[in-house]
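Colleague: Below is a structure I'd like to ask you about.
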Amino acid sequence: MSSRSEAFDAFIAFYPTTDLEATRHFYTHTLGLELARDQGSCLIFRVAGGGYLGFCRRDTAPAGQGLILTLVTDAVDAIFERLDGLNVETESAPKTNHQYAIYHFFARDPNGYRLEVQRFEDPLL
């Protein structure tokens, strides 16, 4: 077992973007995430409850259509309504996925990443 001094303090996943300003606007204004750090060519957004999302400017478009960025919240319906009202591309209204015991929907961010907003019906530990 590791001691507290060896424990991890946070998680940041970085993703490429060709449009840093559209990404900044979407994640701060549309989703309401806090910009934790602006590093010039990279932006890091704080996800309340734990973790960070980072986006770094690159010359090529993001690769891999299988990539999903998932944000967990109890407010799935409210976030869907907000995104729908802002004409953010969504795949469908929120629904229950019995296989994974989640309530969720998918949207697209300005980079084309598939964004999932979900609630665990059986909360994580």
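Colleague: For segment 102-125, name all the residues that are open to solvent by less than 40 Å² (accessible area, probe 1.4 Å), free of Cβ contacts under 8 Å to residues at least 60 places away in the same chain and either part of a loop (DSSP other than H, G, I, E, B) or in contact with a helix residue (DSSP H, G or I) (Cβ under 8 Å, 6 or more places away or on another chain) (or both).
Modeller: Matches in segment 102-125: TYR103, HIS104, PHE105, ALA107, GLY112, VAL117, GLN118.
Colleague: Give segment 67-90 a look and list any residue that's modelled with pLDDT of 95 or more and touching a Phe, Trp or Tyr at 6+ places or on another chain (Cβ under 7 Å), or say none.
Modeller: Hits for segment 67-90 are VAL76, PHE80, THR90.
Colleague: Which of the residues that make up segment 65-93 are among the β-branched types (Val, Ile, Thr) and outside any strand (DSSP E or B)?
Modeller: Across segment 65-93, the qualifying residues are THR73, VAL76, ILE79, VAL88.
Colleague: Pull up segment 1-56, narrow it to residues that are under 12 Å from the mean Cα position of the chain (by Cα) and in contact (Cβ under 8 Å) with a residue 60 or more places away in the chain, then point me to the one that is farthest from ILE79 (Cα to Cα).
Modeller: Selected residue: TYR15.
Colleague: For segment 64-72, does any single residue satisfy the condition of being under 25 Å from ARG24 (Cβ atoms), over 15 Å from the mean Cα position of the chain (by Cα) and either open to solvent by less than 60 Å² (accessible area, probe 1.4 Å) or free of Cβ contacts under 8 Å to residues at least 24 places away in the same chain (or both)?
Modeller: yes
Colleague: Quick one: GLY51 ticks every box in (1) open to solvent by less than 50 Å² (accessible area, probe 1.4 Å); (2) modelled with pLDDT under 90 except a single one, so which number is it?
Modeller: With (1) open to solvent by less than 50 Å² (accessible area, probe 1.4 Å); (2) modelled with pLDDT under 90 applied to GLY51, the lone miss is (2).
Colleague: May I pose another question? Considering only residues of segment 1-48 that are among the charged types (D, E, K, R) and over 27 Å from LEU125 (Cβ atoms), which is least open to solvent (accessible area, probe 1.4 Å)?
Modeller: Out of the qualifying residues, it is ARG24.
Colleague: Restricting to segment 54-63, count the residues that are part of a loop (DSSP other than H, G, I, E, B) and surrounded by 13 or more Cβ atoms within 10 Å (Cβ to Cβ).
Modeller: Total meeting the criteria: 2.
The values are calculated or read from the model by the stated rules, or taken from the named source; none is laboratory data. Note that this is a predicted model, so its numbers are computed, not measured. Neighbour counts run over all protein chains shown; Cβ positions are idealised from the backbone, glycine included. For the accessible areas, the whole protein counts, side chains as well, though only heavy atoms, and no ligand, DNA or RNA atoms are used. Shrake-Rupley method; radii C 1.70, N 1.55, O 1.52, S 1.80 Å.
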